[in-house]
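Read the figures in this text as sums done on the coordinates, not as results from a lab. No experiment lies behind these values; they were computed from the predicted model shown. Ideal geometry is used to build each Cβ from the backbone, glycine not excepted, and the neighbour counts take in all protein chains shown.
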Amino acid sequence: MKNDFAELRNEVRLLMEKHGVSFETGFLAERPLRRLPKDAADAAQTNDFMRLDAMAYALEQTISERKVAESIKRLAVPRWSFENLPWPVVSRLMLIYAMTTHAYFREVYPYRNVSELMQDQSLKILPAQLAVPLWRASRRIGMEPTMSYGLYALWNYYRKDPEKPVSLENIELLHSFTGTLDERWFVWIHQVVEVAFAPAVPELLTACLLSRIRDSDASVPSLSNLWEEVIVQEMIQCLNNATKAARDAVAVLKRMREHCDYGTYFHRVRLFFTYPNSVVFEGVEELGDEPQQKLGETGGQTPFMHFQLAAAGIDHEDDPYFPRMRGYMAKPFRDLVEFVKNSSNIRSFVLERRRNRTLVQSYNALIQTIPLDWRITHMHLVEDFIGQFGEGHGTGKPPLEWLSGLHKKAASYLIDL
């Protein structure tokens, strides 16, 4: 049995390495690039990288001066390829192009709220200087060509003290739209939530693999019973450890109001996150002139939520928005979620042993924490930060009542004792 568990732990480690998930920071990049490399053999590429870095660090000022559209005209469509660039470089490039894209649309189409944005189906053109590189980077990373949560939160920070772990006291954004503490705090909370949840990832992966183990010597009853007891105890421990991390994540989310003002967020920050309808990507041959309908940036795109729900066996595939959210995360993360969704038997494992109250309680505690307690906390925040202003949609475009439907569905997965 010791060898089996050693192999299982090694398999978990390999899965996390394969899919780019950190034991320290979870789905949050451990140390995003602060600058693009300047040692490229291609002089044109080096010059472009320097210009893009400068543009990114000047974005707040460019937005305040309403010169985003003007600055884009000075960009060239890159002639270099994204295919051989390291993953962190492509992620930083896509972050810069995507944030600039959202800033451009905010300047050109100054909607008062998301509902107004959603009513506008008129054709809009994203200039080739942004459209072409954004599309190329998105194909390499495997996510939709917008400023998703996977860029704006997961690749957009640095540690104030490089030697210390990520925390609310030791984190700063690389780039923001407004420069306000409100915007930065809003994103810091999400980033530190990722770190708080990080210990749950290996625990839930271990639980997934445990749920698939079958006793190799079930013909010997004494060995079979012993093996069963060991597996159940390991499962309980994994679920309890994952629940503790999930509770820590909820505790971080509850701090959102400390430095993020409702009015500042609603009137100055949130409309940078959304994305207009009917966008034509100029110069992107694969798309032709077909208008694209994309979702805006939203926390619903975080891989950790999809990962935990998949592990727990909670199915939202019939939802009109939730499955689409996975298209806005990097392909390695999406592949891990799919792997867990297709291979986890945790719920079946617990149901088959529902006479074990401790096991059922551990499973229910996991369901109670993120799918339920998180949703309740989130819904209260949404009402304060969005609903009270008469807005009916989130930045990702779903109606606000969508969240209550997800909460109700998750609650149906609690197992009666």
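Table: residues versus (1) out of contact with any Ser or Thr (no Cβ under 6 Å at 6 or more places or on another chain); (2) outside any helix (DSSP H, G or I); (3) in contact (Cβ under 8 Å) with a residue 24 or more places away in the chain.
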residue	(1), (2), (3)
L130	no, no, yes
W135	yes, no, yes
K160	yes, yes, no
S167	yes, yes, yes
V193	yes, no, yes
E203	yes, no, yes
Enumeration of residues in region 43-91 that are in contact with a helix residue (DSSP H, G or I) (Cβ under 9 Å, 6 or more places away or on another chain), over 22 Å from F177 (Cα atoms) and not aliphatic (A, V, I, L, M)
P78, R79, W80, S81, F82, E83, W87
Pick out the one residue from R74, R66 that is on the phi > 0 side of the Ramachandran plot and either under 25 Å from the mean Cα position of the chain (by Cα) or loosely packed, with under 13 Cβ neighbours inside 10 Å (or both).
R66
Hey, among F333, F389, F349, which residue is of a type in the set (A, V, I, L, M, F, W, C), closer than 30 Å to Y275 by Cβ and more than 21 Å from the chain's Cα centre (by Cα)?
F389
Within region 340-348, can one find any residue that is without any contact (Cβ under 8 Å) to a residue 40 or more places away in the chain and buried (at least 17 other Cβ atoms within 10 Å of the Cβ)?
yes
Residues that are in contact with a Lys or Arg (Cβ under 9 Å, 6 or more places away or on another chain): list the helices (runs of 4 or more DSSP H) wholly contained in region 318-417 that include at least 2 such residues.
331-343, 357-367, 375-385, 402-411
Selected residue (criterion: nearest to the chain's Cα centre (by Cα)) from residues of region 254-265 that are under 19 Å from G300 (Cα atoms) and surrounded by 20 or more Cβ atoms within 10 Å (Cβ to Cβ):
M256
Filter region 374-412 down to residues that are touching a residue at least 60 places away in the same chain (Cβ under 8 Å) and of a type in the set (D, E, K, R) and give me whichever is surrounded by the fewest Cβ atoms within 10 Å (Cβ to Cβ).
D384
Any residue at all in region 86-94 that's within 30 Å of P32 (Cα to Cα), outside any helix (DSSP H, G or I) and free of Cβ contacts under 8 Å to residues at least 60 places away in the same chain?
yes
